[in-house]
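Everything below concerns the one structure shown next.
The values are calculated or read from the model by the stated rules, or taken from the named source; none is laboratory data. Please read these numbers as outputs of a predicted model, since none were measured by experiment. Cβ sites come from the backbone with ideal geometry, for glycine too, and all protein chains shown count toward neighbours.
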């Protein structure tokens, strides 16, 4: 019997010269993979007012039970914190979406907490055992306390209760096995979430009934997000802490330059970051229109050096959505070696700090890059499914909006090559207005809030 890993491998290995039966097999696999993803998405995004009255009553009852459990857990932990350390676990199923390093360090350096990384596997079909092992190795090599809560040998998800955590931070709302879900974990621990992305759009993803609603604490990116969720969703478990992403700007270490192939100071350093939503979700990805053009742009200006930073789901979606075969994508990345490097993985703030501009259609990067003060070329498509929220509009209003390759070439030549960044002053004014960078990191805000809740002096 084929495993998910085998199916994905089969899709990846079929090239343009494959015979008809091979291609037919791949198309069938792609169809069922998409159907499975859509089914999970539909389940996650089901709103309480769309449920049958029986399910709605169950939902309300479950929320009441969980709230009572949290009240009891908090009371117990307030007492326990007086004589022992509180175990704070981070459930991680994708290292590229890990932003908790500074928060982990605060817990580790505290006399009151003991942090632990629990590595699991996403239940979505494109997560492979190889990626799971790489995630575990990442934390192990970083010297963190880490345990597996997925048994790869027997393809079995483990109960988090085995490690007796008192507080559990979820890494993302997606692809969580039932035994590791909030409904199960709330029986023995307080649950928290800090967004792996910066929410820039008005979307049902912002506050899911079957995830965010059941959390003990949802630490959101700004006071604007806090008020928005209260007004739109009647959210009562949100805390405005700031985005953990932006803590990367507070580091006092010299940023390393290892991302860049050419480190000459005369070279302009350009990041190209393509998104993955070609046909699903926000539908902002523009790679089919400009992916090849980016190579042409790089070749036109030898005074530039480039880093390609694709979204973690980009490679999978490019293949499954039929944009490129795996071989074509590998060849595309190989071509970039003439002009720079392709970078994948976790922390990217040293990359941001050492760059001169960002070209992207990614959503969260639009906010993550904003405090750098540098120009952004925002790649747009006319059939984008969701609109930016007011907070997002304030940010992208200071960027160069790109609707065609000709427009990109013209503005790139003027702003980057010619040095005429005519939107710079507008970005600085908006940065001061939005107050994204306070004197206190988001990690410290989360840490202080938990200390206050646990009545730790």
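Structure summary
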quantity: Residue satisfying all of: in region 414-429; touching a residue at least 40 places away in the same chain (Cβ under 8 Å) and surrounded by 13 or more Cβ atoms within 10 Å (Cβ to Cβ); farthest from the chain's Cα centre (by Cα) among these; calculated: 417
quantity: Residues that are modelled with pLDDT under 95 and touching a helix residue (DSSP H, G or I) at 6+ places or on another chain (Cβ under 9 Å), drawn from region 158-178; calculated: 171, 172, 173, 174, 175, 176, 178
quantity: Region 329-367, residues that are within 24 Å of residue 317 (Cβ to Cβ) and assigned to a strand (DSSP E or B); calculated: 340, 341, 342, 358, 359, 360
quantity: Test: residue in region 180-193 that is closer than 17 Å to residue 123 by Cβ and out of contact with any helix residue (DSSP H, G or I) (no Cβ under 8 Å at 6 or more places or on another chain); calculated: yes
quantity: Region 207-229: number of residues that are surrounded by fewer than 19 Cβ atoms within 10 Å (Cβ to Cβ) and in contact with a strand residue (DSSP E or B) (Cβ under 7 Å, 6 or more places away or on another chain); calculated: 2
quantity: Number of the exception - residue 169 against (1) under 28 Å from residue 205 (Cα atoms); (2) part of a loop (DSSP other than H, G, I, E, B); calculated: (2)
quantity: For residue 227: the one exception among (1) under 17 Å from the mean Cα position of the chain (by Cα); (2) modelled with pLDDT of 90 or more; (3) over 18 Å from residue 386 (Cα atoms); calculated: (1)
quantity: Residue within region 142-149 that is crowded, with 18+ Cβ neighbours inside 10 Å and under 28 Å from residue 81 (Cα atoms) present; calculated: yes
quantity: So residue 370, is it in contact (Cβ under 8 Å) with a residue 24 or more places away in the chain, buried (at least 18 other Cβ atoms within 10 Å of the Cβ), touching a helix residue (DSSP H, G or I) at 6+ places or on another chain (Cβ under 8 Å) and within 23 Å of residue 313 (Cα to Cα); calculated: yes
quantity: Only one of 80, 71, 89 that is modelled with pLDDT of 95 or more, surrounded by fewer than 19 Cβ atoms within 10 Å (Cβ to Cβ) and within 12 Å of residue 189 (Cα to Cα); calculated: 71
quantity: Selection from region 294-312 of residues that are assigned to a loop (DSSP other than H, G, I, E, B), over 22 Å from the mean Cα position of the chain (by Cα) and crowded, with 16+ Cβ neighbours inside 10 Å; calculated: 301
quantity: Where residue 364 falls short, out of the listed (1) touching a strand residue (DSSP E or B) at 6+ places or on another chain (Cβ under 6 Å); (2) modelled with pLDDT under 95; calculated: (1)
quantity: Which numbered condition residue 192 fails, given (1) in contact with a strand residue (DSSP E or B) (Cβ under 7 Å, 6 or more places away or on another chain); (2) in the same structural domain as residue 95 (by TED's automatic domain parsing); (3) part of a loop (DSSP other than H, G, I, E, B); calculated: (3)
quantity: Residue satisfying all of: in region 373-385; at pLDDT 90 or above and in a loop (DSSP other than H, G, I, E, B); surrounded by the most Cβ atoms within 10 Å (Cβ to Cβ) among these; calculated: 375
quantity: Output for region 393-413, where each listed residue is touching a strand residue (DSSP E or B) at 6+ places or on another chain (Cβ under 6 Å) and buried (at least 17 other Cβ atoms within 10 Å of the Cβ); calculated: 396, 399, 400, 402, 408, 411
quantity: Among the candidates 350, 356, 262, 361, residue that is over 24 Å from residue 406 (Cβ atoms) and in the same structural domain as residue 418 (by TED's automatic domain parsing); calculated: 350
quantity: Flag if residue 199 is more than 18 Å from residue 157 (Cβ to Cβ) and surrounded by 23 or more Cβ atoms within 10 Å (Cβ to Cβ); calculated: yes
quantity: Residue check, residue 255 touching a residue at least 60 places away in the same chain (Cβ under 8 Å), out of contact with any strand residue (DSSP E or B) (no Cβ under 6 Å at 6 or more places or on another chain) and not assigned by TED's automatic domain parsing to the domain that holds residue 412; calculated: yes
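Residue-wise test of (1) more than 19 Å from residue 160 (Cβ to Cβ); (2) out of contact with any strand residue (DSSP E or B) (no Cβ under 7 Å at 6 or more places or on another chain); (3) not in a helix (DSSP H, G or I).
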position: 99; (1), (2), (3): yes, yes, yes
position: 103; (1), (2), (3): no, yes, no
position: 107; (1), (2), (3): no, no, no
position: 110; (1), (2), (3): yes, yes, yes
position: 116; (1), (2), (3): no, no, yes
position: 121; (1), (2), (3): no, no, yes
position: 133; (1), (2), (3): yes, yes, no
position: 138; (1), (2), (3): yes, yes, no
